[in-house]
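Written out below as structure tokens is the structure these notes cover.
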Amino acid sequence: DGGITQSPKYLFRKEGQNVTLSCEQNLNHDAMYWYRQDPGQGLRLIYYSQIVNDFQKGDIAEGYSVSREKKESFPLTVTSAQKNPTAFYLCATHPTSGKTQYFGPGTRLLVL
Amino acid sequence: SQKIEQNSEALNIQEGKTATLTCNYTNYSPAYLQWYRQDPGRGPVFLLLIRENEKEKRKERLKVTFDTTLKQSLFHITASQPADSATYLCALDITSGTYKYIFGTGTRLKVLA
């Protein structure tokens, strides 16, 4: 997991509630990513950011929002518009000079 | 759209044998392909990268091949051990310069003692 911290490990969301997943890194990597993993579907890209104060939508951005105010932090908010949020959420980083992604330990989001 | 296919069925092999996992892709010509290992409830961990101009790459008991004509990569684990049991994911870079990747669904490998 390296220098990437995701919290909490488990998160429970009530209907109509927004929740925020934390991702912090001390690897000094410029690029950060959020993926969603469902059984049998692999990793799907939600949002990514290559630089502070800039981010782009991935393949399944609807119902999610992000911010990148600091290089070290890339929080993901799962809004009430995301109707099927139950999944394993993975944060990743990427150094500018490398070709490898580094993943955090993940957050499992469950709906009550 | 870009698509990656990996064996969706789990692969069970006997300890000491060679495990071979397949990654097939369509509609793209990636500059490189990567393999990751993922244990249950944890994030993927990078294993190997192979570039489009490389046929084969090795790291200890791991070997990766890349056939850009067939649009296929094979991932081999020789002298497999129960500790090698995990899900293995392949990934392609799909947009040059943005470090944007597409991942396969993964193949679950179980090495039987």
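The values are calculated or read from the model by the stated rules, or taken from the named source; none is laboratory data. Please read all numbers here as calculations on a predicted model, not as lab measurements. Here the Cβ positions follow ideal geometry from the backbone for every residue, glycine too, while neighbour counts run over all protein chains shown. Just the protein is used for accessible areas: all its heavy atoms, side chains included, with ligands, DNA and RNA removed. Shrake-Rupley method; radii C 1.70, N 1.55, O 1.52, S 1.80 Å.
A compact table of results
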quantity	calculated
Residues that are open to solvent by less than 30 Å² (accessible area, probe 1.4 Å) and under 17 Å from B:Q6 (Cβ atoms), drawn from the stretch B:33-46	B:L33, B:Q34, B:W35, B:Y36, B:Q38, B:P44
Count of residues meeting criterion [touching a strand residue (DSSP E or B) at 6+ places or on another chain (Cβ under 7 Å) and closer than 14 Å to A:H94 by Cβ] in the stretch A:19-42	10
Flag if B:K17 is open to solvent by 50 Å² or more (accessible area, probe 1.4 Å), farther than 30 Å from A:D59 by Cα and in a strand (DSSP E or B)	no
Residue match in the stretch A:61-72 (condition: modelled with pLDDT under 95 and either within 14 Å of chain B (Cβ to nearest Cβ) or over 26 Å from B:G106 (Cα atoms) (or both))	no
Test set (1) within 14 Å of chain B (Cβ to nearest Cβ); (2) within 12 Å of the chain's Cα centre (by Cα) - A:L76 fails condition number	(1)
Residue satisfying condition, being open to solvent by 50 Å² or more (accessible area, probe 1.4 Å), more than 12 Å from chain A (Cβ to nearest Cβ) and at negative phi, within set B:K71, B:K55	B:K55
Subset tally (residues that are within 10 Å of chain A (Cβ to nearest Cβ) and either of a type in the set (A, V, I, L, M, F, W, C) or in contact with a Ser or Thr (Cβ under 7 Å, 6 or more places away or on another chain) (or both)) for the stretch B:10-33	1
The stretch B:63-89, residues that are in contact with a strand residue (DSSP E or B) (Cβ under 6 Å, 6 or more places away or on another chain) and free of Cβ contacts under 8 Å to residues at least 40 places away in the same chain	B:K63, B:V64, B:T65, B:F66, B:S85
Contacts under 7 angstrom Cβ, first residue in the stretch A:37-50 being open to solvent by 30 Å² or more (accessible area, probe 1.4 Å), partner part of a strand (DSSP E or B) and modelled with pLDDT of 95 or more, 6 or more apart	A:Q37/A:A87; A:Q37/A:F88; A:Q37/A:L90; A:R44/A:Y35; A:R44/A:R36
Filter result for the condition that a residue is open to solvent by 10 Å² or more (accessible area, probe 1.4 Å), free of Cβ contacts under 8 Å to residues at least 24 places away in the same chain and of a type in the set (A, V, I, L, M), over B:L112, B:L49	B:L49
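Rundown of residues vs (1) part of a strand (DSSP E or B); (2) away from chain B (no Cβ under 11 Å); (3) free of Cβ contacts under 8 Å to residues at least 40 places away in the same chain; (4) open to solvent by less than 10 Å² (accessible area, probe 1.4 Å), yes/no style:
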residue	(1), (2), (3), (4)
A:Q6	yes, no, no, no
A:F12	yes, yes, no, no
A:G16	no, yes, no, no
A:S22	yes, yes, no, no
A:N28	no, yes, no, no
A:W34	yes, yes, no, yes
